[in-house]
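Colleague: If you scroll down you'll find the structure; I have some questions about it.
The values are calculated or read from the model by the stated rules, or taken from the named source; none is laboratory data. Because the structure is predicted, anything quoted here is derived from the model rather than measured. Positions of Cβ are backbone-derived with ideal geometry, glycine not excepted, and every protein chain shown enters the neighbour counts. For the accessible areas, the whole protein counts, side chains as well, though only heavy atoms, and no ligand, DNA or RNA atoms are used. Shrake-Rupley method; radii C 1.70, N 1.55, O 1.52, S 1.80 Å.
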Amino acid sequence: MFQGEKVVENKTCKQCNSSFEITDKDLEFYEKISPIFANPGVEKETPGLKINHDWKKYLIPSPTLCPDCRQQRRQAFKNIYHLYKNEETGLISAISPDKWLNVISQKEWWEESDLWLTFWRRYDFNKSFFEQFHELQCVAPRWNLIQVWCENCERSINIANSKNCYLVKSGWDSEDCLYGERVFNSKNIVDWYRVKFSDNCYEVYYADNCFNVHFSKDTKNSRDSLYLSDCENVSNCIWCVWLRNKEYHILNKKVSKEQFLKYKSYILSSKKNRDNFLELFYELKKTIPVKCIIIDESENCYWNEIFNSKNVFYWFSVRDLEDAKYVYDWANSKDVMDVNGDDNGILGYENCSVFTPYNSAFCFNVATVSDSYYCETSVNLKNCFWCVGLHDKSYCILNKQYSKEDYERLVPDIIEQMIKVWEWWEFFPASLSPYWYNESEAQEYFHLKKDEALKQNFNWSTYEAPFPKVEKTINANKLPEQIEKIPDDILNRAIKCEVTNRPFKIIKQELEFYRKHNLPIPRRHPDQRHADIMAMRNPRKIFDRKCDKCEKDIKTTYDPDRSEIVYCEECYNKEIY
Ligand SMILES: [Zn+2]
Ligand SMILES: [Zn+2]
């Protein structure tokens, strides 16, 4: 909790029965984000004015789900992991072709500015809000993929201002990046997770300002190296852990330039050589401490991967934030609570994949939205309630255009009805997600089996995409190890994944990258490679543990059963710098 924050209520989660706390600061926030409308109950005649509305704030009550269950529910509304091709329309989309939704190309969606006019609903006070919203969801046109100012970015989603990218999940200002999640201002990156300002890297996990670095994790300002873990400002190093400002090191020991080059060509020549040394690398890693939690240049912040922020509580993977709570993968924002994905917001609550929200709540897949509630798959909305698939609109309800006056008269009536039937204010029920649970981000962080998901009222996809059409298939273990022995014909074949047996293809751009860097071609399906990288992540959970050096109590993402040596921040900094 923040300093001076007081618990005012203990609640039990409606979903998982765990207890959670509501504080005075939470209540202040809910009040701040609550909308104000004319109070329909107190209209009265006033001399000189026909109707004098009294204004009423429609208070957003404290949530009924615990923070984890709220996060899980929002994440069920985000899919950047599974893309499908609709054989009939040729469109690639995050929505599988067997769904009931009206998916159109992004180009068509932007060009047909009045397309929305055909699809609207008049609010029916005899039906519940969520029922009517679902009816609108089924017919309203929605874009196939979120791509803005991109060129040749086939099968990439949530990507902006980028070129020649393939199977990118969230990217900005990048070129020639293939297979990975979250890339910013980088080029020539293959198989990665969270990379920025980097060039020519392969299999990197959290890389910042790296050049020609492969098979590495948590690496900053480094170049021409292989197998690094937690290194900064190093060059020409192999199998090194926890190094700062070094060059020509192997297994953390200084070597000559000649020795270094000899080893480098030796490990790149065969998988067997690499595997032998990898064991030594893992042994070395076991002896070197890790930092309990990653918080950089931040003040009064709690939880993991927090950069340049202030007053941030219960956050993961965030930067440049102030006054925020229960937020994940978010940046450049102030006064936000319960949000996942994207950035640039002021006053936001229960949003998922929302870019530039202002005073808005309960939205997903929306960009530039202000004073709006319960909207999805829309861009540039102001004062909209319950809308789907719109752009550049204001004063709409269920996609129907109203005058400002009519809008302000009708919305309070609808809210009053929602309060009566307990729809005020929760995020959308999971059944209204255009993605099923096992396709969504929720499955990445809260893994469920089919029966468990169905029990929690999530949907479950059984859609199987058809296998790529290829005449020739090759088993992964039949592939030659050296890249120079791989003929161009590999582009006409499907490789059978060594783990899952699922066939996958190599694209030309990718083959050129492996050849340029003398790297073997992958033996695992891209989905398996993604799963491998995800398995490297610590969970988004905080455990109590003792510092392995000074024994003080620490909070950490390293489960107490794990074998790593975990240091508190002070001990870690003392040892390393
Ligand atoms: Zn819960
Ligand atoms: Zn310590």
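Colleague: Which residue out of Arg502, Arg515 is in contact with a strand residue (DSSP E or B) (Cβ under 8 Å, 6 or more places away or on another chain) and open to solvent by 60 Å² or more (accessible area, probe 1.4 Å)? Walk me through how you get there before you give the answer.
Modeller: On the way: Arg515 fails: in contact with a strand residue (DSSP E or B) (Cβ under 8 Å, 6 or more places away or on another chain).
Selected residue: Arg502, the only one of Arg502, Arg515 that is in contact with a strand residue (DSSP E or B) (Cβ under 8 Å, 6 or more places away or on another chain) and open to solvent by 60 Å² or more (accessible area, probe 1.4 Å).
Colleague: Is it fair to say Lys541 is within 11 Å of ligand 2 (Cβ to nearest atom) and free of Cβ contacts under 8 Å to residues at least 60 places away in the same chain? Walk me through it before giving the result.
Modeller: Values: within 11 Å of ligand 2 (Cβ to nearest atom): no; free of Cβ contacts under 8 Å to residues at least 60 places away in the same chain: yes.
Taking the combined requirement at face value, the residue does not satisfy it.
Colleague: Can you tell me which residue within the range 13-24, out of those that are open to solvent by less than 90 Å² (accessible area, probe 1.4 Å) and of a type outside the set (Asp, Glu), is farthest from ligand 2 (Cβ to nearest atom)?
Modeller: Gln15
Colleague: I would also like to ask the following. Among residues belonging to the range 245-259 that are in a loop (DSSP other than H, G, I, E, B) and modelled with pLDDT under 95, point out the one that is farthest from Asp532 (Cα to Cα). Explain how you work it out, then say what you get.
Modeller: Residues of the range 245-259 in a loop (DSSP other than H, G, I, E, B): 251-252, 255-256.
This time we only want the ones that are modelled with pLDDT under 95, so: 251-252.
Values: Leu251: 23, Asn252: 25 Å.
Ranking the qualifying residues of the range 245-259, first place goes to Asn252.
Colleague: What number of residues within the range 545-577 are polar (S, T, N, Q) and within 13 Å of ligand 2 (Cβ to nearest atom)? Walk me through it before giving the result.
Modeller: Within the range 545-577, the first condition is being polar (S, T, N, Q), and the residues that meet it are 556-557, 563, 573.
Narrowing the set further to residues that are within 13 Å of ligand 2 (Cβ to nearest atom) leaves 556, 573.
Total meeting the criteria: 2.
Colleague: Can you name the residue in the range 54-72 that is more than 16 Å from ligand 1 (Cβ to nearest atom) and surrounded by 17 or more Cβ atoms within 10 Å (Cβ to Cβ) and is also farthest from Glu21 (Cα to Cα) among such residues? Let's see the steps before the verdict.
Modeller: To start, the set of residues in the range 54-72 that are more than 16 Å from ligand 1 (Cβ to nearest atom) comprises 54-61.
Adding the requirement that they be surrounded by 17 or more Cβ atoms within 10 Å (Cβ to Cβ) leaves 56, 58, 60.
Numbers: Lys56: 27, Tyr58: 22, Ile60: 16 Å.
Filtering the range 54-72 for residues that are more than 16 Å from ligand 1 (Cβ to nearest atom) and surrounded by 17 or more Cβ atoms within 10 Å (Cβ to Cβ), the one farthest from Glu21 (Cα to Cα) comes out as Lys56.
Colleague: Output the residues belonging to the range 134-171 that are among the acidic types (Asp, Glu) and over 14 Å from Gly389 (Cβ atoms). Even if it seems obvious, please write down each step before you answer.
Modeller: The initial filter retains those residues of the range 134-171 that are among the acidic types (Asp, Glu), namely 135, 151, 154.
Hits for the range 134-171 are Glu151, Glu154.
Colleague: Looking at the range 193-216, is at least one residue open to solvent by less than 10 Å² (accessible area, probe 1.4 Å), touching a residue at least 60 places away in the same chain (Cβ under 8 Å), farther than 30 Å from Glu426 by Cα and out of contact with any His (no Cβ under 8 Å at 6 or more places or on another chain)?
Modeller: yes
Colleague: Turning to a different aspect of this structure: What pairs come out if I take residues in the range 21-35 that are of a type in the set (Lys, Arg) and pair them with residues that are surrounded by fewer than 16 Cβ atoms within 10 Å (Cβ to Cβ) whose C-beta lies under 6 Å away, six or more apart or interchain?
Modeller: Sorted first by the residue in the range 21-35, then by its partner, the pairs are Lys25/Glu5.
Colleague: When you scan the range 509-520, do you find a residue that is acidic (Asp, Glu) and within 16 Å of ligand 2 (Cβ to nearest atom), even just one?
Modeller: Of the residues in the range 509-520, the ones acidic (Asp, Glu) are 510, 512.
Still in the running and within 16 Å of ligand 2 (Cβ to nearest atom): none.
No, that holds for no residue.
Colleague: Of Ser235, Ser265, which residue is closer than 27 Å to Ile486 by Cα, of a type outside the set (Lys, Arg) and open to solvent by 20 Å² or more (accessible area, probe 1.4 Å)? Write out each step before concluding.
Modeller: Details: Ser235 fails: closer than 27 Å to Ile486 by Cα.
Every option except Ser265 fails the conditions.
Colleague: If you check Lys541 against the conditions, is it open to solvent by 50 Å² or more (accessible area, probe 1.4 Å) and under 26 Å from the mean Cα position of the chain (by Cα)? First the steps, then the outcome.
Modeller: Working: open to solvent by 50 Å² or more (accessible area, probe 1.4 Å): yes; under 26 Å from the mean Cα position of the chain (by Cα): yes.
Taking the combined requirement at face value, the residue satisfies it.
Colleague: Kindly indicate whether any position in the range 560-577 is closer than 27 Å to Ser440 by Cβ and not small (Gly, Ala, Ser).
Modeller: Initially, the range 560-577 is screened for residues closer than 27 Å to Ser440 by Cβ, giving none.
Checked against the condition, which is being closer than 27 Å to Ser440 by Cβ and not small (Gly, Ala, Ser), the range 560-577 yields no hits at all.
Colleague: Report, by residue number, each residue of the range 73-107 that is open to solvent by less than 10 Å² (accessible area, probe 1.4 Å) and either in contact with a Lys or Arg (Cβ under 6 Å, 6 or more places away or on another chain) or among the polar types (S, T, N, Q) (or both).
Modeller: The answer is Gln75, Asn79, Ile80, Ser93, Ser96.
Colleague: With respect to Lys508, determine if the residue is under 26 Å from Ser265 (Cα atoms) and either loosely packed, with under 13 Cβ neighbours inside 10 Å or at pLDDT below 90 (or both).
Modeller: Working: under 26 Å from Ser265 (Cα atoms): yes; either loosely packed, with under 13 Cβ neighbours inside 10 Å or at pLDDT below 90 (or both): yes.
Against the criterion (under 26 Å from Ser265 (Cα atoms) and either loosely packed, with under 13 Cβ neighbours inside 10 Å or at pLDDT below 90 (or both)), Lys508 qualifies.
Colleague: Take the residues in the range 227-266 that are farther than 27 Å from Ser563 by Cα and hydrophobic (A, V, I, L, M, F, W, C), then tell me which one is farthest from the chain's Cα centre (by Cα).
Modeller: Val255
Colleague: Leu511 - would you say it is without any contact (Cβ under 8 Å) to a residue 24 or more places away in the chain and not assigned by TED's automatic domain parsing to the domain that holds Pro560?
Modeller: On the way: without any contact (Cβ under 8 Å) to a residue 24 or more places away in the chain: no; not assigned by TED's automatic domain parsing to the domain that holds Pro560: yes.
Spelling it out, it is not the case that Leu511 is without any contact (Cβ under 8 Å) to a residue 24 or more places away in the chain and not assigned by TED's automatic domain parsing to the domain that holds Pro560.
Colleague: Could I ask something else about it? Being open to solvent by 40 Å² or more (accessible area, probe 1.4 Å) and closer than 14 Å to Cys201 by Cβ is the filter here; which residues of the range 161-175 pass it?
Modeller: Residue satisfying the conditions is Glu175 alone.
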